[in-house]
Amino acid sequence: GGLDDCATSFLAGAISGVPEAVVMTPFQVVKVRLQSKRHTGLYKHALHCVREMVASEGVASLATGLYVTVARNSIWNAVYFAAFRLLTPSVDANRSASGRLHAAACGFVAGIFATCFNCPFDVVKSRMQAELSVPRATIGGAPGRGAGISGGVVSRLVTIAREEGVRALWKGFVAKSLRMGLGGAVGLATFELACDMLAVRAR
């Protein structure tokens with residue numbers, strides 16, 4: 001119990017971020033490409049984006065930013081689940097409405113707290129995935145869009161901090177932290193409610 005549960009939750013959360021990142025990275029790459037202003041008109045829809053990326057940049061382009069996504073997800077999951085366990089040591093024993101509300105509130109706080117640590121990696125991930133992996137690719141008749149990807153995760157973090165200031169690593173923090181906090185709270189509250197409903201039906 002106590003710190004042991006917290007450490008276990010931290011480790012389990014960190015491990016869970018790896019397969020999560022592997023599965024979600026291709027979808028994240030396509031989403032970022034479609035949303036990026038620099039690629040406006042370049043891709044018609046998600047499937048077209050995938051076809052053009054594979055044809056022009058290779059299949060590996062769908063895994064752009066995999067390492068930084070692993071870091072982002074593992075850090076968030078580790079901090080979130082450890083913080084939540086630390087804030088709610090007896091949540092499993094308290095199945096009352098107030099207990100569920102307390103758990104949801106703690107999930108919200110833990111979500112915001114975890115975002116403080118992974119936000120810089122999220123900024124780097126989005127920038128990496130928005131870039132074309134070839135310097136002068138011709139995609140759908142639009143030559144020369146984007147620049148080649150250069151530098152690893154650490155060098156990009158350092159470059160952003162040096163050229164744009166440390167605060168640039170937390171761009172979009174407020175919106176993201178609220179999204180992750182609310183997502184964690186609502187998801188947790190729904191999970192707890194569903195468990196209670198299923199338990200009642202099973203009696």
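So with the 1.4 Å probe, I'd like the accessible area per residue for the chain, rounded to whole Å². Don't skip to the answer; put the middle values down first.
Details: 11260 Å² over 203 residues.
Roughly 55 Å² per residue, with all protein chains present.
What would the Debye formula give as log10 I(q)/I(0) at q = 0.13, 0.14 Å⁻¹ for the alpha-carbon point model of the stretch 7-94, no solvent? Scattering profile of the stretch 7-94, log10 relative to I(0): -0.55, -0.60. Sorting the Cα pairs of the chain by distance into bins of 10 Å, from 0 upward, gives 9, 28, 29, 20, 11, 4, 0 percent per bin. Other residues with beta-carbon under 13 Å from the beta-carbon of Glu164 carry, at +1 per Lys or Arg and -1 per Asp or Glu, a net charge of +4.
Averaged over residues, the count of other Cβ atoms within 10 Å places the peptides 10-19, 38-47 in the sequence 10-19, 38-47, highest first. Between the residues Val59, Phe191, Trp76, the greatest Cα displacement towards the positive end of the dipole of the chain, with unit charges on the Cβ of Lys, Arg, Asp and Glu, is found for Val59. Got the relative contact order for the chain handy, in percent, Cα pairs under 8 Å and 6 or more residues apart? Averaging sequence separation for qualifying contacts and normalising by length gives 25 percent for the chain. Given a 1.4 Å probe and the protein chains as shown, Lys171 ends up with an accessible area of around 120 Å². Taking Leu193, Leu182, Leu87 as the candidate residues, the one with maximal mean-square fluctuation in a Gaussian network model of the chain, Cα springs under 10 Å, is Leu193. Apolar share of the accessible surface for the chain: 68 percent from carbon plus sulfur atoms, 1.4 Å probe.
Among Phe27, Phe108, Phe84, the largest mean-square fluctuation in a Gaussian network model of the chain (Cα springs under 10 Å) belongs to Phe27.
Rounded to the nearest 20 debye, the dipole size of the chain about its Cα centre is 680 debye, using +1 on the Cβ of Lys and Arg and -1 on the Cβ of Asp and Glu. Each principal axis of the stretch 6-56 carries a Cα extent, and these read 47, 21, 14 Å when sorted largest first. Computed from Cα atoms, the angle from the helix 46-57 axis to the main principal axis of the chain rounds to 50 degrees.
The angle between the Cα long axis of helix 173-202 and the longest principal axis of the Cα atoms of the chain comes to about 50 degrees, rounded to the nearest 10.
The values are calculated or read from the model by the stated rules, or taken from the named source; none is laboratory data. Not measured: the values here are computed from a predicted model. In this analysis, Cβ positions are derived from the backbone assuming ideal geometry, glycine residues included, and neighbour counts consider all displayed protein chains. Quick note on the areas: whole protein, heavy atoms, side chains included, nothing else; ligands and nucleic acids left out. Shrake-Rupley method; radii C 1.70, N 1.55, O 1.52, S 1.80 Å.
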